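Note sheet for the following structure.
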Amino acid sequence: QVQLVESGGGLVQPGDSLRLSCAASGRTFSTYSEGWFRQAPGKEREFVAAIDWSGGFTYYADSVKGRFTISRDNAKNTMYLQMNSLKPEDTAVYYCAASSGLPSSRSSAYAYWGQGTQVTVSS
């Protein structure tokens, strides 16, 4: 069993940066793949980024590639999403998720989810 808690969201201006954190509980956290997803009002949840258990493999949605960086610190049971050059279209609730399988862009691959943290990008 893995429990996830996101933090770090907030209101920022276009071009600013934010770092989201996802704190996990559970002894087997370091063996899980993790991902970030987001959901904007009136839209479906969409994939943002994923990382394997070691942190050695990552991949991103095209919309965030080059601006966002996913990483993890297994010693701290924490995953991160560094978001740079934020745009208004990045406004959404951001969720972290964990999977005992391989990293995936499909939300159905993840069994564990956090409660979400709001990111608002507006001038």
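Applying the Karplus parametrisation 6.51 cos²θ - 1.76 cosθ + 1.60 with θ = phi - 60° to the phi angles of the range 87-101, what ³J(HN,Hα) value in whole Hz is obtained for each residue in order, glycine and proline being reported as x?
Here the 3J(HN,Hα) series is 10, x, 6, 7, 4, 4, 8, 9, 10, 9, 8, 10, 9, 7, x Hz.
Cross-link candidates for residue 65: which lysines have Cα within less than 22 Å, leaving aside residues fewer than 8 places away along the same chain?
Once the sequence-local lysines are set aside, what remains near residue 65 is 43, 87.
So what is the orientation-averaged projected area of the chain, using the convex hull of its C-alpha atoms, in nm²?
Reported value for the Cα convex hull: 6.7 nm².
Bear in mind that the values in this text are calculations on the coordinates, not laboratory data. For clarity, every value in this text was computed on a predicted model and none was experimentally measured.
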